[in-house]
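**Q** Sharing a structure with you now.
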Amino acid sequence: MKIDKRTLIAMTVMGATGMSFAACSADGTDVEQPVGSTDDPLGGIGPIQCLRRLRACTEEMCSSESEAFREARFLSREWFAAKDALRRCATDRCLKVCFEGTGGTSGTGGAGGGPATGGAGGGPATGGSVGSGGIGPDGGETGGAGGDGGPETGGTTSTGGAVSTGGAVSTGGMVSTGGAVSTGGTVSTGGAVSTGGAVSTGGAVSTGGAVSTGGTVSTGGAGPVGVDLTGTWVSRLQTSGTISAPVVGSTAANIDLVLRLAISNSGGTQTGKIEICNIATTTTPNPQSLVVTFTPAVLATLNATATQPTPTVNVGDPVPVPAFTILSGINASNASVDADADGNPGVTLPSNIGGIIALDAYTGLTININLNATLQNATTITGTTSFTTNGMVFGSSNPSLLSSGTISVTPASSAVPFSASKLAGDVSCSSILSQEL
């Protein structure tokens, strides 16, 4: 086999390198080798300036190959095999460390109209030092300042790239503060440094137009008005109870009332007027035990008025209704009042006892009515009511039979169910009684 001169020289260098590497670790201790020493088995894999980093990389990435090489007997078959394995591993896994950071990132806009891209010897703009680990022209490992035109890694040095003549520095106008002026290119003497033109002020600062005031501030308008309760409310109450009166004593009775409640509002005040349009009591089991007639003159006196602040009521809400006390033929001091103006004390109630005795009883009545109500819809109120009637007898048309005493009408329940319907306008009792309730 014919071996030329260059091959022989390479083999001689590789052999000497292997001997030196083995010698540095033969006693089990690492001896720092000079950078570029011919005793290093990694010689020739990369630039000589990179051997130290190659060695550090192979110790980490090719630890098993390095160990095998150190333990192999010098110039034995195992030694050569281990050496080849170590070099292959170094080439595959570590050669890249020789080419990292070659030249650094080019700056953005060199000082004073730097050479055009590719210009001979153009140092990196904006102070861009060669990236860490880039190979400098003097073999420095840490990357010196811009070198003689190109990184050591095969980049062809630009030869004669025309120097930019008058090329304005890129817009932005900030002169690079640290970009080394190219040592080979003649600095452009005519390119005025771009000032970036007039600095954009962004136009007139937007004021957002007229500041929105939100329009007229809403005052919320009028507060919630609720359902209009004004008008005439009508209810018929039917329940059982007890009547107590002189001569007949106490007896069961059915009670039937027709109530009218007129509601009006004025100046924040609600006025309610309650009237008993009709009242009938029928004794049981004998309807003839006591029959009392409430004449229109007496019925006209069965009313009372109460006021309260106007409430706001919506469907489903409770309806505040004040308590009513009706005084007929009597005053708060229990003195008789000729309310029906017939010349007799109190009010006159024609009565029939047992279907045999007829007389006029002169009485004073106190009727208390309480309503616990809820608005079901705009025209219907439901709930319960409690009412009682108490009276005093001031005399009669038959004094020998009836001259004094007390009377009472008491429902069996203190919470009698009721339902009231609203009629439009001010409807009188006579109009109500003409309708079927």
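**Q** To two decimal places, what compactness ratio does the stretch 231-427 give when its Cα radius of gyration is scaled by 2.2 N^0.38 Å? Intermediate results must be reported in sequence, preceding the final value.
**A** Details: Rg = 17.8 Å, N = 197, 2.2 N^0.38 = 16.4 Å.
Here the answer is 1.09, to two decimals.
**Q** Relative contact order of the stretch 231-427: what whole-number percent is it, with Cα pairs under 8 angstrom and at least 6 residues apart?
**A** 23 percent
**Q** Also: Binning every alpha carbon pair distance of the stretch 275-381 at 10 Å from zero, what are the percents per bin?
**A** Per 10 Å bin, starting at 0, the Cα pair percentages come out as 13, 32, 28, 18, 8, 0.
**Q** Order these peptides, 72-81, 272-281, 322-331, by their mean beta-carbon neighbour count within 10 angstrom, highest first. Kindly include the intermediate steps, with their values, before the conclusion.
**A** Details: 72-81: 13.0, 272-281: 20.3, 322-331: 18.0.
Final packing ranking: 272-281, 322-331, 72-81.
Read the figures in this text as sums done on the coordinates, not as results from a lab. These numbers were taken from a predicted model, which means no experiment stands behind them. Here the Cβ is made from the backbone with ideal geometry for all residues, glycine too, and neighbour counts use every protein chain on show.
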